[in-house]
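First up is the structure itself, then whatever we jot down about it.
The values are calculated or read from the model by the stated rules, or taken from the named source; none is laboratory data. Note that the coordinates shown come from a computational prediction; the quantities given were computed from them, not determined experimentally. Ideal geometry is used to build each Cβ from the backbone, glycine not excepted, and the neighbour counts take in all protein chains shown.
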Amino acid sequence: MKAILDIVREHKAGHSAGIYSVCSAHPVVIEAALREALARGEPVLIEATSNQVNQFGGYTGMVPADFREYVAGIAQRVSFPMERLLLGGDHLGPNTWTEEPAPLAMQRAGEMIAGYVKAGFRKIHLDCSMSCAGDPTPLEDSVVAARAADLCAISEKVWREVGGEAPVYVIGTEVPVPGGAAEDLGTLAVTSPAAVGVTLEAHRSAFAGKGLQGVWRRVVGLVVQPGVEFDHHKVIDYDRDEARLLSQRIVSEPNLVFEAHSTDYQKPAGLRALVEDHFAILKVGPAVTFALRETLWTFSEIARELQRVEGETLKEIVLRVMQGNPRYWKSYYNRSGPADIRSAVQSERPDPVLLDCSGGQAGVCHTHGAPVGRHIAIDPPESVPSHSICGHSRRSARQRSAGHSARRRSSRAASVRASLQARH
């Protein structure tokens, strides 16, 4: 994939070049990403994950060829040039089949990789870090690397058969399951430079053992943990001082940059600093999908205020569908499960407020008694006690302001409804 190789070369030449990767299958999110890239005259990188899209359909019901046509159709509709549309596959490995023995899980992972490459995906994340049935936990680095090399060999074979641009590869994993952390976060350990060395050496050796030495120059990214993450309740911001040694470690690798996952909800200054510090590929997805959800929730509330809803509301439909098919989300709610979903979906006024408790200091937030971070809070309806998603009971001035804004919106909606009724 020449476009990615060019970005990496530019970055290694001393420029702050980077690219963000949009991991979402929602048509409105994809269209927004395409329109943004079109306005900026830039390429756009859209990735599908192994549980979203695979040979069995994933949770989107699409195989890789379907997803390519799906995205291409949206691109055509907004007149986005196909030569600037870059497709990638994220966490391609046995992730979806970890309940199976390793031989079967890897066979299915190989079939999936073949499908992605045949369909024209050219940025391939080889992720075999997860243990399968009967495997020890965690896996040895040599086992992870050997399995990644097996999948790379399949990818290369299929590419030679179908032609097109050569694939580029990303290796490694220092992240939770795709979609963000399922557990509550306290502090995050930044990947050590020593761990980077072990991962790179294990993969170089495994690639050489498969006769893939020539492919190594197309291994462009290494996934690491730079100390950024989000969970249901808060965001851990990037601290470049904490990541300084890690950042310096990649400088000596001529063809490699870091890939940072879960960079959703980072501040603009943090995103800029990540790229400057050689985390040149930034993965996002949940944040843009969440922004869409908040927009749809707001429209749903407006429709309800205007009495334009017949039957179930959007929230009720979403809740019913999610409870009817919990397979793809239940692992993210491993405490109270459906109760968490019901609370989130039925929240009366979904106006998220980020409470920046850090003040630039490390440790514990003295206001909320929780690990430092930006906590996601919701301004509740006036009829129930003050609360927030993160469990903090005190409301900030911003929250109170959000409440006043919500009441003003409700008042305006009532005025609009009265005006419309008068016209009819």
Requested in this report: Could you tell me which numbered condition Pro178 fails, if it satisfies all but one of (1) at pLDDT 95 or above; (2) in a loop (DSSP other than H, G, I, E, B)?
Outcome: (1)
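Quick grid of which residues meet (1) farther than 19 Å from Thr49 by Cβ; (2) part of a loop (DSSP other than H, G, I, E, B); (3) touching a residue at least 12 places away in the same chain (Cβ under 8 Å):
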{"position": "Thr289", "(1), (2), (3)": "no, no, yes"}
{"position": "Thr298", "(1), (2), (3)": "yes, no, yes"}
{"position": "Ala303", "(1), (2), (3)": "yes, no, no"}
{"position": "Met322", "(1), (2), (3)": "no, no, yes"}
Requested in this report: Could you please find all residues in the range 40-77 being free of Cβ contacts under 8 Å to residues at least 24 places away in the same chain, out of contact with any Lys or Arg (no Cβ under 9 Å at 6 or more places or on another chain) and more than 24 Å from Gly110 (Cβ to Cβ)?
Outcome: Arg40, Ala72, Gly73, Gln76
**Report entry** Only listed residue being modelled with pLDDT under 90 and within 21 Å of Ile30 (Cα to Cα), chosen from Tyr328, Tyr265
**Finding:** Tyr328
Query raised in the report: If you go through the range 194-229, how many residues are free of Cβ contacts under 8 Å to residues at least 60 places away in the same chain and part of a strand (DSSP E or B)?
Result: 4
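Within the group Asp150, Asp135, Asp127, which residue is within 25 Å of Ile7 (Cα to Cα) and among the acidic types (Asp, Glu)?
Result: Asp127 is the single residue among Asp150, Asp135, Asp127 that is within 25 Å of Ile7 (Cα to Cα) and among the acidic types (Asp, Glu).
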Requested in this report: Could you tell me whether Gly110 is modelled with pLDDT of 95 or more, crowded, with 17+ Cβ neighbours inside 10 Å and assigned to a helix (DSSP H, G or I)?
Outcome: yes
Report task. Please work out which one of (1) more than 22 Å from the chain's Cα centre (by Cα); (2) crowded, with 19+ Cβ neighbours inside 10 Å is the condition Gly14 fails and give its number. Result -> (2)
**Report entry** Subset of the range 40-66 (residues that are surrounded by fewer than 19 Cβ atoms within 10 Å (Cβ to Cβ) and closer than 20 Å to Ile4 by Cα)
**Finding:** Arg40, Gly41, Glu42, Pro43
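Only one residue in Ala114, Ala109, Ala119, Ala146 is among the small types (Gly, Ala, Ser), closer than 22 Å to Val257 by Cα and touching a residue at least 40 places away in the same chain (Cβ under 8 Å), so which one is that? Step through it out loud before you land on a result.
Values: Ala114 fails: closer than 22 Å to Val257 by Cα; Ala109 fails: closer than 22 Å to Val257 by Cα; Ala119 fails: closer than 22 Å to Val257 by Cα.
The unique qualifying residue is Ala146.
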Query raised in the report: Taking the condition under 16 Å from the mean Cα position of the chain (by Cα), surrounded by fewer than 23 Cβ atoms within 10 Å (Cβ to Cβ), touching a residue at least 40 places away in the same chain (Cβ under 8 Å) and within 23 Å of Cys23 (Cα to Cα), does Asp237 pass?
Result: yes
Query raised in the report: Quick check: anything in the range 83-91 buried (at least 23 other Cβ atoms within 10 Å of the Cβ), among the small types (Gly, Ala, Ser) and in the same structural domain as Pro27 (by TED's automatic domain parsing)?
Result: yes
Query raised in the report: Within the bounds of the range 43-56, is there any residue that is over 28 Å from Ala149 (Cβ atoms) and assigned by TED's automatic domain parsing to the domain that holds Ile281?
Result: yes
